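Have a look at the structure below before the remarks.
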Amino acid sequence: MRITRPRARSRFFGRYGGRFVPEMLVPALEELEEAYLSLRNNPGFKRELARIRRDFAGRPTPLAFAENLTRKAGGCRIYLKMECLAHTGAHKINNVLGQILLARRMGKTRIIAETGAGQHGLAVAAGAARFGLRCTVFMGEIDMRRQRPNVFAMEIMGAEIVPVRDGSRTLKDAVTAALKDWIEHLDTTHYLLGSALGPHPYPRMVREFQSVIGREVKRQLAALRISRPDILVACVGGGSNSLGLFHPFLRNGKVRCVGVEAGGRGSRPGDHAVRFGAHGRPGIVQGYLSYFLQDRDGQILPTHSVSAGLDYAGISPELADLHDRKRVEFVAVTDREALEGYRLLAAEEGIIPALESAHAVAYGVKAAADLPRSRVMVINISGRGDKDLFIAARALDRGNWLAFLKDEADRAE
């Protein structure tokens, strides 16, 4: 493949972002940047990506009017962007397919990734299987226990799952393990980062691949003769689904964008993952400058959320800049509220959301009640809830669920 040297672009969003990495990673990141900037507007690359998104990922995903939820909230009209209906059950597949096509054109034969909730890992495993690439996924030991169904799905797709037993044994440590592996296998391997963070060019590249969500919402609302949404709501872990929804609307100051962080079980350090709260402040971690949960010495604080995908101490540098510029609002929803959002969407609309998305539902329904009927809200249902069935059932129907698990265990012996 012939790659032309791209025009230099900013590596920062305001003061955030950048590329703070060991010297040995710089050539790999520059190779990726050049490939991405050369191919992103290449007609052949765009046609191939559009085709695989349509035929393999099932795009466009529907924009559904939530009639019952709207009636329940008693306020504005609520629409749901159904990323949960994309292949592998989440928005993660959008970015994965873009990066896998890039990796193939760069001549890479192996894909590595890290995952928390498992949805990114599942999308990577599916994409690698589809294109015949070797695949290794790093996952914190705790997250592997929480997301066993996704681990099983990745394994039957041929991926090697590497348990990470360092540190907090969650996503933060899985990212570190993936970076170490990449340094050792730069010639053959592409590190497929799943959220809009990390060193440049990942934040910009992931956001661009995910912006298909917001572009589709624009077209789908126009088909309904709705000129624009009044409020967009999305959960925020690293930031890929929220930026994917928000970005095509950011220039329209009449559209409110609300990111919902994980309020967890309380406000003490280690009980939540609220980066824009009392314990979040700017710092450089894992190759980029953004907001991170830190103690007074700059050490990364432990995090907690009922949803593994929101359980991360950092956030997209682009969202950090949008927060400081007050273009995106951030709120927090507790574990208890998220579980109620999970139950509510299932009961009212027959849709079981991922616990990550349930955070957005919980906030959205509460906010909709205060808005007039003439207004339009879009909530991004970023993933489906199959993977969270064990967690949600234990919380919402503990007695019956434990009896079922005991019965299944007895049968297996």
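The values are calculated or read from the model by the stated rules, or taken from the named source; none is laboratory data. Computed from a predicted structure; not experimentally measured. Counting neighbours? That spans all protein chains shown, and the Cβs are built from the backbone with ideal geometry, glycine included. Just so you know, the surface numbers come from the protein's heavy atoms only, side chains and all, with ligands and any DNA or RNA stripped out. Shrake-Rupley method; radii C 1.70, N 1.55, O 1.52, S 1.80 Å.
Overview of results
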{"item": "For the chain, calculated [θ]222 nm from helices alone, where every DSSP H run of n ≥ 4 adds -39500 (n - 2.57)", "result": "-13000 deg cm²/dmol"}
{"item": "DSSP bridge orientation in segment 249-378 - percent antiparallel, rounded to nearest 5", "result": "60 percent"}
{"item": "Residue order for Trp182, Trp401 - accessible surface, 1.4 angstrom probe, largest first", "result": "Trp401, Trp182"}
{"item": "Pairwise label distance in nanometres, Ile284 with Asn41, each label 7 Å out on the Cα-Cβ vector", "result": "3.1 nm"}
{"item": "Distance violations [Cα-Cα > 21 Å] among Lys108/Lys180; Lys46/Lys218; Lys46/Lys81", "result": "Lys46/Lys81"}
{"item": "Label assignment, Rg and Dmax of the Cα atoms in Å derived from the structure, set (1) 28.4, 104; (2) 19.5, 56; (3) 20.2, 63", "result": "(3)"}
{"item": "Where His87, His272 fall by accessible area, highest first, once all protein chains stay in place (1.4 Å)", "result": "His87, His272"}
{"item": "Nitroxide proxy distance, nm - points 7 Å out along Cα→Cβ at Arg148 and Ala403", "result": "2.0 nm"}
{"item": "Point-to-point label distance, Gln299-Ala412, nm (Cα→Cβ direction, 7 Å offset)", "result": "3.6 nm"}
{"item": "Estimated FRET transfer efficiency (Glu31, Lys254; beta-carbon r; R0 51 Å; 0.05)", "result": "0.80"}
{"item": "Inter-centroid distance (Cα atoms) of segment 189-267 relative to segment 145-159, Å", "result": "27 Å"}
{"item": "Charge dipole magnitude, Cβ of K and R +1, D and E -1 - the chain, Cα centre, debye nearest 20", "result": "1840 debye"}
{"item": "DSSP bridge orientation in segment 57-157 - percent antiparallel, rounded to nearest 5", "result": "35 percent"}
{"item": "Length-normalised contact order of the chain in % [C-alpha pairs under 8 Å, at least 6 apart]", "result": "20 percent"}
{"item": "Two-site FRET efficiency, Asp324 against Ala64, from Cβ-Cβ distance with R₀ of 35 Å, rounded to 0.05", "result": "0.55"}
{"item": "Exceeding the 24 Å Cα-Cα cut-off - candidates Lys92/Lys387; Lys92/Lys406; Lys172/Lys387", "result": "Lys92/Lys406"}
{"item": "Within straight-line cross-link reach of Lys72, aspartates and glutamates at Cα separation under 20 Å, skipping those fewer than 8 residues along the same chain", "result": "Asp230, Glu337, Glu340, Glu348, Glu349, Asp370"}
{"item": "For the chain, share of DSSP beta bridges that run antiparallel, in % to the nearest 5", "result": "35 percent"}
{"item": "Estimated FRET transfer efficiency when R0 is 51 angstrom, pair Glu160-Arg373 (beta carbons, to 0.05)", "result": "0.45"}
{"item": "Sequence of Leu32, Leu405, Leu250 when ordered by accessible area, the most exposed leading, probe 1.4 angstrom", "result": "Leu405, Leu250, Leu32"}
{"item": "Proximal charge balance of Phe246 [Cβ under 14 Å; K/R count +1, D/E count -1]", "result": "+4"}
{"item": "Mean separation of Cα contacts under 8 Å (6+ apart) over length of segment 1-108, as relative contact order %", "result": "24 percent"}
{"item": "Magnitude of the charge dipole, segment 242-374, Cβ model with Lys/Arg +1 and Asp/Glu -1, debye to 20", "result": "440 debye"}
{"item": "Positive-end extreme of charge dipole, segment 295-338 - chosen from Ile300, Val328, Ala338 (charges on Cβ)", "result": "Val328"}
{"item": "Percentage relative contact order, segment 211-285, counting C-alpha pairs under 8 Å, at least six apart", "result": "27 percent"}
{"item": "Charge dipole magnitude, Cβ of K and R +1, D and E -1 - segment 149-211, Cα centre, debye nearest 20", "result": "300 debye"}
